[in-house]
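Heads up, the thing below is written out as structure tokens.
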Amino acid sequence: MGPANATIHATAVLTGAKATLIRGPSGSGKSQLAWGLIEAGMQGLLPFARLVADDRVLLENRSGHLIVRPARELAGAIEIRGLGIRRTEFEPVAVVGLVVDLDANDAERLPEQEATAVVLSGVRVPRLAVAAGMPALPLVIAALHIPLVGD
């Protein structure tokens, strides 16, 4: 379950009212997915999308909600592969509504119920596991737009 407050290697983008927290090993495409979500917001594929944090995030359990903030020294910075570190607008705080795990070993075509959520800082959050080599952006946009059967 982990501590109530934690600093982790991850990226977060405010996608609508809540943030998408992107985790994965180094080089798995966290920043690339974040930039793709920001572009999707600019193109109207998402109602709103703005960077919260890239590379390192601070997580906090605040009254049962998972709060994400950028590490102070990295606030407003995002790595764009081939261009380097760039400055962009950012949100200083957001509530996490979805966790995306890139290069996930447990990614399945039809995931088991226990794989569709994760507990971080004591808060249970919906989770999307993306297999290595799968294009993450369309899956994340679908997860943000299309409800599960039975919801």
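The values are calculated or read from the model by the stated rules, or taken from the named source; none is laboratory data. Quick caveat, the model's predicted, so the values are computed rather than measured. In this analysis, Cβ positions are derived from the backbone assuming ideal geometry, glycine residues included, and neighbour counts consider all displayed protein chains.
Here is a yes/no grid of residues against (1) β-branched (Val, Ile, Thr); (2) surrounded by 12 or more Cβ atoms within 10 Å (Cβ to Cβ); (3) under 17 Å from residue 12 (Cβ atoms); (4) under 16 Å from the mean Cα position of the chain (by Cα):
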| position | (1), (2), (3), (4) |
| --- | --- |
| 79 | no, yes, yes, yes |
| 88 | yes, yes, yes, no |
| 100 | yes, yes, yes, yes |
| 112 | no, no, no, no |
| 116 | yes, yes, no, yes |
| 124 | no, yes, no, yes |
| 128 | no, yes, yes, yes |
| 142 | no, no, no, yes |
Of these, 38, 8, which one is under 22 Å from residue 141 (Cβ atoms), hydrophobic (A, V, I, L, M, F, W, C) and touching a strand residue (DSSP E or B) at 6+ places or on another chain (Cβ under 8 Å)? 38
Can residue 27 be described as surrounded by fewer than 14 Cβ atoms within 10 Å (Cβ to Cβ) and of a type outside the set (Phe, Trp, Tyr)? yes
With the requirement that a residue be part of a strand (DSSP E or B), among the polar types (S, T, N, Q) and at pLDDT below 95, what does region 1-32 give you? 5, 7
Considering only region 99-120, I want to know if a residue exists there that is out of contact with any Phe, Trp or Tyr (no Cβ under 7 Å at 6 or more places or on another chain), over 23 Å from residue 38 (Cα atoms) and touching a residue at least 60 places away in the same chain (Cβ under 8 Å). yes
Residue hits (region 34-76; small (Gly, Ala, Ser) and surrounded by fewer than 19 Cβ atoms within 10 Å (Cβ to Cβ)) are 41, 44, 63, 64, 71, 75, 76
May I ask you to list pairs of residues, at least six apart or on different chains, whose Cβ atoms are under 8 Å apart, with the first in region 132-144 being within 10 Å of residue 20 (Cβ to Cβ) and the second being small (Gly, Ala, Ser) and surrounded by fewer than 19 Cβ atoms within 10 Å (Cβ to Cβ)? 144/16
Elements of type strands (runs of 3 or more DSSP E) in region 46-151, at least 1 residues being farther than 23 Å from residue 7 by Cα and touching a helix residue (DSSP H, G or I) at 6+ places or on another chain (Cβ under 7 Å): none
Any residue in region 71-85 that is without any contact (Cβ under 8 Å) to a residue 40 or more places away in the chain sitting within a Cβ distance under 6 Å of a residue that is among the charged types (D, E, K, R)? List the pairs, counting only those 6 or more apart or interchain. 74/55; 74/56; 76/87; 85/79
